[in-house]
1. Please list the non-local residues whose amide H lies under 5 Å from the amide H of A:E262, H modeled 1.01 Å from N, same-chain partners needing a gap of 5 or more.
2. Once you sort the root eigenvalues of the Cα gyration tensor of chain B as a ≥ b ≥ c, which label holds: rounded (a/c under 1.5), prolate (a/b larger than b/c) or oblate (the other case)?
3. For helix A:15-26, what angle does its Cα long axis make with the longest principal axis of chain A, in degrees from 0 to 90 and rounded to 10?
4. Could you check how many percent of all C-alpha pairs in region A:296-338 are farther apart than 15 Å?
5. Check A:K129: other-chain or 5+ apart residues with amide H under 5 Å from its amide H, H built from backbone geometry?
6. Rounding to the nearest 20 debye, state how big the charge dipole of chain A is about its Cα centre with +1 on each Lys and Arg Cβ and -1 on each Asp and Glu Cβ.
7. Run the simple label-point estimate for B:M106 and A:S33 please: 7 Å along Cα→C-beta, distance reported in nm.
8. Tell me, what ³J(HN,Hα) does each residue in region A:165-173 have, in order and in whole Hz, if you take phi through Karplus 6.51 cos²θ - 1.76 cosθ + 1.60 with θ = phi - 60° and put x for Gly and Pro?
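Each value in this text was obtained by applying a stated rule to the coordinates, not by laboratory testing. Since this is a predicted model, take the numbers as computed values, not measurements. Here the Cβ is made from the backbone with ideal geometry for all residues, glycine too, and neighbour counts use every protein chain on show.
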Amino acid sequence: MKSIGNAQAVLAGDRRAIARALTEVENDTKFGSALLDELFVYTGKAHLVGVTGSPGAGKSSLVNQIAKIFRKPKVGQPVRVGIVAVDPSSPFTGGAILGDRVRMRDLSGDSGVFIRSMATRGTLGGLAKKTSAFAQILDAAGYELILIETVGAGQSEVDIARLAHTTIVVESPGMGDDIQAIKAGILEIADILVVNKADQPMADLTLRALKANLDLAHPQQFSAFDRMHLHTLAFEPIPIVSSDVPDIWFPPLFPTVSTRGEGIELLVEAIVAHKAYLQDNGQWQQREAARLQEELNDLLLSYFASQWRMQVNKSKIEEVVHDLLARKYSPQQSLKRLL
Amino acid sequence: MERKIRVLIAKPGLDGHDRGAKLIARALRDAGMEVIYTGLRQTPEMISEAALQEDVDVVGLSILSGAHMGLVPRILKSLQENGMQDVHVFVGGIIPEEDMPALLEMGVSAVYGPGTVTQQVVKDVRKIVLGYTEE
Ligand SMILES: Nc1nc2c(ncn2[C@@H]2O[C@H](COP(=O)(O)OP(=O)(O)O)[C@@H](O)[C@H]2O)c(=O)[nH]1
Ligand SMILES: [Mg+2]
C-alpha cells in the first residue's frame, strides 16, 4: 500500500503529496474527503479557466500554449499553473486512454506546472464527478491559474460554465461550415471564443460565421447567478448583493494557431481581463456563491435520498412500482405511498 | 468496487515507432484500466515527472531502439529521485533474452520481448498491482 500524504504537505506544494491527494479524492476515500474538508478554508483563490470544444479542435494544444505564456509573462511574475485534462471512460469496460499530455510536452520540467489527467468514470456532461474537487486541491496547493480541459463531446457542456470563472470555447474550421453546428448553447457559455487552426483554409469562414452568430445570440449575458441556477434547488438560493449593476462582458473572438503559438498572447490578455472584470463587478463572488450553493444542494439531495433508502424496504418499492406501472396509482400518489 | 489501475505508457529514446505502445495501451484500456499516454521521445525526467503527477501504479516502457540497457537504469533512478520507487516498471520491445535477467535485477517487474501476447501483459499488471489473479 502507498503511504498517504497529508494536508500540510499539500499546502506546502509537495508534488507527491498533491498527486496522492488527487488519487484519494478521485477514489472517493474517507481520507480524500477528510482532506478536502481540511483544505477547503485555503481554497477560493485560484482563477479557474475551462477550455471546451469538440474533440480534435485543439484544446490540449491551446492549454499548452496558454500555460507557456503564463509561465513566462512579458510583465509581472510567472503564474503557477495547474492543469486538469478530462477524457472519457469507456462505458463498456470502464477503461480510458488519457492522451492530452502528448500535446503538453513543452511544459515538462517546469516545477511551476502540475498536469493531471482524469477519466470521466461514468459522469456525463464533459467533466468527471471529482473535477471540482481536483481544482480545490490544486487551488489549496498554490496553483493560481487552473486550466480545465473538458471532454468536449457533448452538446451541453454547461457543467464547465458552472465550475469555471472563465469558459473558453474552442472551435475549429472544417467541421463543415454548418453553422447550426455552432450551437446556441455553446455560445451562451462562452466568455471567450477561439477559432483554432486559423492556418487552415476555411478559417475565415468560420470566424465570420461565429462573429455573425455572436452579434445575434449575445445581446447580453445573464448574470452569473441567474444562469447558474437553471434548475430549482431544494432551497431558495441566497444571492450575494453587489453594489452596482454589472457592466456587460461581450465575449471576444480570437483566431489562433496553437501548434505554432500564434494568437495566444491576445487570448491570454483576454483571460486576464475577464478575471479583472469578474472581480470588479462582484461577479467573481456571485459565481462562487452560486457554485457553492449548487454543491450544497447536490449533497443535500443525495443525503436525503440515502436516508430514505435506509428506512424504506425493498418490497415496498417493488409493490409501489408495480402498481404505478399497472396505472393503479399516479406518480404523485406513488410518491405519497413511499414516504 | 475494484480500484482503478492507472498505467503510464511511455516511449523513451529516439525511435519513432509507437504502434506497439498504442497496442498495449488499448489492451489495458479494454481491460478497464486508465492509461496515460505520453507520446514519443520521452526523456527519463519527463517519464518520472508524468508518473509522479499522474500517481500511476505502473510505468510501461516501450523500447525498440536497442538502447534499453542505457535508458532503463536512468529512468529507474529518476523515478527514485521523485519518490516513486514503489511504482512497478514494465519493459517491452525488442529486448534480447540475454538482457532480461539484468533488467529484472535492476528492479524491473517484467520484461517482454517480440511476439508477446498483450493479454499476458494485462494479466501480469493485474497480478502485480492487485496481488492476485482472477480468471
Ligand atoms: N493545423 C493545425 N493543427 C492543429 C492546431 N492546433 C492543434 N492542431 C492539431 O490538431 C490535433 C488535435 O489537437 P489536440 O490539441 O489534441 O485537440 P483536442 O482533442 O481538442 O485536445 C493534433 O494533431 C494537433 O497537432 C492548429 O492551430 N493548426
Ligand atoms: Mg485533448
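1. Amide H neighbours of A:E262, under 5 Å, 5+ apart: A:V257.
2. Values: a/c = 1.36, a/b = 1.19, b/c = 1.15.
Verdict is rounded for chain B.
3. With both axes taken from Cα atoms, the answer is about 40 degrees.
4. Working: 453 of 903 pairs.
When all Cα pairs of region A:296-338 are counted, 50 percent exceed 15 Å.
5. Under 5 Å from the amide H of A:K129: A:T123.
6. Values: 36 positive and 38 negative charges, 209 e Å.
Using only the charged Cβ atoms, the result is roughly 1000 debye.
7. Rounded to a tenth, the inter-label distance reads 4.4 nm.
8. 6, 10, 10, 9, 9, 9, 10, 9, x
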